[in-house]
1. Comparing Ala265, Ala250, Ala297, which has the greatest mean-square fluctuation in the GNM of the chain with Cα pairs linked when under 10 Å apart?
2. In sequence order, what are the phi-derived ³J(HN,Hα) couplings for region 33-40 according to the Karplus relation 6.51 cos²θ - 1.76 cosθ + 1.60 with θ = phi - 60°, rounded to whole Hz, with x for glycine and proline?
3. Summing -39500 (n - 2.57) over the DSSP H runs of n ≥ 4 in the chain and dividing by its residue number, what mean residue ellipticity at 222 nm do you reach, to the nearest 500 deg cm²/dmol?
4. Limiting things to C-alpha atoms, what are the Rg and the maximum Cα-Cα separation (Dmax) for the chain, in angstroms?
5. Arrange Tyr36, Tyr204 by Cβ neighbour counts within 10 Å, fewest through most, would you?
6. Run the quick spin-label model on Asp159 and Asp285: label points 7 Å from Cα toward the beta carbon, then report their separation in nm to one decimal.
7. Over all directions, the average projected area of the alpha-carbon convex hull for region 230-308 comes to how many nm²?
8. How much of the DSSP bridge set in the chain is antiparallel, in percent, rounded to the nearest 5?
Amino acid sequence: MLAKEILKDALKSLPIIKHIVYSPRKFGNRDFWTAYNVTQHKRFQSREESLNYLNWRNSQYLFYEQIMPTSGFDGLKILDYGCGPCHDVVGFLENSPKSFVTGVDMSATSIDEGMARVNLHGGSNADLHFIDDQNAKLPFPDNHFDYVHSSGVLHHVEDIETLLTELRRVLKPSGFMRVMLYNYNSIWMHLHCGYVLRTKKGVYKNISLAEAFKRTTDTKDCPVSRCYKPAEFIDLARQRGFDAALTGVAISVDEMRILDQRLDAIKNINLPGEHRSFLCNLSFDGFGRPMHEGVVAGLDAVYELRKK
């Protein structure tokens, strides 16, 4: 476990440390994720409360647990890169109780909150580390982990190429990695950003589509937030020594809620052709999920990576 003295020093060094939900100030990555996290700095009082929140959170992305599971890892040494307030660390402790989970994060507040939360789940099989966001080097030996898990983090990293190289270093030759990244081929990009905001409401219409997307994900002040087409990320991973494949995509409840605006978007003459083509060519599966070229057209794309 991270020494309490180190954590205290890290907390003292940060400009924002109380449980701030949001501020309009422009932050660097560490400052932003210290001030903001996905639980809004919630302090859980019991194991039941923590599990209820975890189950609610997973339900916001349909079938997410099937493509980014925390079960089936008994006996494995796991790294959760960007663990935040320990959603998935808790998932591993509960669903793969014979695993050992190491969580790392640049946010001292999340580490602090995560420590308290993990203890509610009998966290003797978990270890949390505060890491420097300006140094990709991880405090672990080569070929150390059986499995690396990173849920919605790599698209917020300033230098994803260097980080992938470092994650490859700590992964065993027989191990594998699953990462969730924001998906360009999504309802969020083409209907929410492209139509609802930029075309219908005129919001963010004078900035690039990539910048508009960044401002709509993890608050408008999130310093880094990218999305990838599958071929783009697979090529990037291969350049860093991985074989990579898209294993599935989860769609958010928020995306499903705005699907009724799809036909209005297609009808609008001001909608850029890229978005119209995407929306025209969707099909739907038996669960009512929109499909793009046979893949769920959701925000959360999951990839599996293995060392070449």
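Values quoted throughout were computed directly from the atomic coordinates according to the rules given, and no laboratory measurement underlies them. Every value quoted in this text rests on a predicted model; they were computed, and no experiment measured them. In this analysis, Cβ positions are derived from the backbone assuming ideal geometry, glycine residues included, and neighbour counts consider all displayed protein chains.
1. Highest fluctuation among the options: Ala265.
2. Each residue's phi maps through the Karplus curve to give 6, 7, 7, 10, 8, 6, 9, 6 Hz.
3. -9500 deg cm²/dmol
4. 19.5, 60
5. Working: Tyr36 22, Tyr204 18.
Starting with the residue having the fewest Cβ neighbours, the order is Tyr204, Tyr36.
6. 3.8
7. Details: hull surface 24.8 nm².
Averaging across all directions leaves 6.2 nm² for the Cα convex hull.
8. Details: 20 of 40 bridges.
About 50 percent, rounded to the nearest 5.
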